[in-house]
């Protein structure tokens, strides 16, 4: 019994130990595998950076719109209302461009309709804001479209290395091809892990940008109506909640 145990231990010692895992697969792939991994890490970091920064940028614009609804239309004129809006905000830009276009139309000598001039000016302003909000989304679309193929490149190289080993060894033993095949599968998985979040982020941010654009469309329409009606037409604004009056001090009781 003891002899059999020693014989088995000796046989196990003679078997070459092969390490498997992520690092082993990357070392098996060499500089090409590390280069592909580096590219996909850059793609992933860039995607999450754009997702986070664009989310906060959109949230800020939506929050400012609530101020437009509650305070802006209480002002008697556009200039007074603009003073209540945050500087360098999208809504302040629309109002300032509307006021500027209204002033410039009065200086024109041709018969250009005021409505057409104002509408074109506000549309240009709105397009500028939309272009800024959409900045970086093309990177997300590119990552979502190309990351699986970058991973596929690593997969093809891994399979190719496995075939070379089979050809050199003359046999397809698992210990010879496990490294290259493992590298190939890891590259495919990483490509999908990079692409899927980028696609979700792109679609979600695009939907939020569409909602902001709808807000701006309504706001610019209200501005045009306000200017063309000389301030007679403007959105209804809810009355500000009345402050509770302080309770009167109790009158002192009269002495009998």
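Throughout, read-outs are computed from the coordinates displayed, never taken from laboratory work. Computed from a predicted model, the values in this text were never measured in an experiment. Here the Cβ positions follow ideal geometry from the backbone for every residue, glycine too, while neighbour counts run over all protein chains shown.
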If Rh is defined by the Kirkwood formula over all Cα pairs and Rg also comes from Cα, what ratio Rg/Rh do you get for segment 111-164? 1.55
Peptides 120-127, 138-145: what's the order by average Cβ count within 10 Å, highest mean first? 138-145, 120-127
